[in-house]
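Enquirer: One structure coming up, written as C-alpha cells, with questions to follow.
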Amino acid sequence: MTETDPPPLASQRVKHVTGENLLQPGGQRLGVEKIALAEAFDSITEHWSPHLAGAVNDHAIKLAKTSGEFVWHQHNNTDELFLVQSGTLRLEFRERENVTLTAGEFIVVPQGTEHRPVAEPEAELLLVEPAETVNTGDTQSEQTQEELQRLEWGDRPQPNITITITITTCRVGRQEWGR
C-alpha cells in the first residue's frame, strides 16, 4: 500500500442499533468522514448483510451487496429508501407493479408495503432507514441480521475523495421524476 492508497476498511459489529449506537466512542457521530463507496463495497463479502456506514439524525446509512432473492417482508412503521450504486435490483410488490432499478436510481418503499428485493445477478445498495430498522422487517428468517457490521477506516485519515452519485430517476410510490 502506498501513501495515496486509502486505508483498509475494518468492520465492527453493532448490536441492536439505535440512535445512540450511531455515535462513535467519545460521542462523535458516524458519517463525519468521507466514505469512498467503491472501497466500502469492496470490503463487504457477504450478500444481504447490511453494514452501517453513517448516520443522518436518527437514520442509518447502510451499505449492502445483494444477489438473488431476499425474503418477502414489510416495515410497518417506516419508509425505506433503496439507492442502487451498481447492478440491477428488482423490487417485487404483492399489491402493485414491480419496479426495476439500475445504477443511479432509487425508490422509497412506503411503510406497510410488502416487498421483496431481487438482485440480478448482483447489486450494491445504499439504504436509508431509521437506525433500529431490522432488515427483514416483520419477518424472521435466516436472512435477519440481529447485528450490523459498522464500516470503519483504519488509523490513518481518509483520503480526499469526492463521491458523485447521479440519480437519473426518482420513484416514490407510483410517482416518477427524471429524464
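Enquirer: Does R90 count as in a strand (DSSP E or B), surrounded by fewer than 21 Cβ atoms within 10 Å (Cβ to Cβ) and in contact with a Phe, Trp or Tyr (Cβ under 8 Å, 6 or more places away or on another chain)?
Expert: Spelling it out, it is not the case that R90 is in a strand (DSSP E or B), surrounded by fewer than 21 Cβ atoms within 10 Å (Cβ to Cβ) and in contact with a Phe, Trp or Tyr (Cβ under 8 Å, 6 or more places away or on another chain).
Enquirer: Follow-up. Is it the case, given these coordinates, that V128 is surrounded by fewer than 21 Cβ atoms within 10 Å (Cβ to Cβ), closer than 27 Å to Q175 by Cβ, aliphatic (A, V, I, L, M) and touching a residue at least 60 places away in the same chain (Cβ under 8 Å)? Spell out the reasoning first.
Expert: On the way: surrounded by fewer than 21 Cβ atoms within 10 Å (Cβ to Cβ): yes; closer than 27 Å to Q175 by Cβ: yes; aliphatic (A, V, I, L, M): yes; touching a residue at least 60 places away in the same chain (Cβ under 8 Å): yes.
When the stated conditions are applied, V128 passes them.
Enquirer: Something else about it: Hey, which of the strands (runs of 3 or more DSSP E) in the stretch 99-172, taking only ones fully inside, have at least 1 residues that are modelled with pLDDT of 95 or more? Spell out how you get there, then give the answer.
Expert: Values: elements: 99-102, 105-109, 115-130, 147-153, 169-172.
Those strands (runs of 3 or more DSSP E) span 99-102, 105-109, 115-130.
Enquirer: Give the number of residues within the stretch 47-70 that are crowded, with 18+ Cβ neighbours inside 10 Å and assigned to a strand (DSSP E or B).
Expert: From the stretch 47-70, those crowded, with 18+ Cβ neighbours inside 10 Å are 48-55, 59-66, 70; that's our starting set.
Among the residues that remain, those that are also assigned to a strand (DSSP E or B) are: 51-55, 59-66.
Count: 13.
Enquirer: Inspect the stretch 24-44 for any residue being surrounded by 14 or more Cβ atoms within 10 Å (Cβ to Cβ), under 15 Å from P130 (Cβ atoms), of a type in the set (V, I, T) and modelled with pLDDT under 95 and give the result as yes or no.
Expert: Checked against the condition, which is being surrounded by 14 or more Cβ atoms within 10 Å (Cβ to Cβ), under 15 Å from P130 (Cβ atoms), of a type in the set (V, I, T) and modelled with pLDDT under 95, the stretch 24-44 yields no hits at all.
Enquirer: So, of the residues in the stretch 104-125 that are surrounded by 17 or more Cβ atoms within 10 Å (Cβ to Cβ) and small (G, A, S), which turns out to be farthest from P50 (Cα to Cα)?
Expert: So the residue we want is A119.
The values are calculated or read from the model by the stated rules, or taken from the named source; none is laboratory data. Since the structure is predicted, the reported quantities are computational estimates derived from the model, not experimental observations. Positions of Cβ are generated from backbone atoms using ideal geometry, with glycine treated the same way; all protein chains shown enter the neighbour counts.
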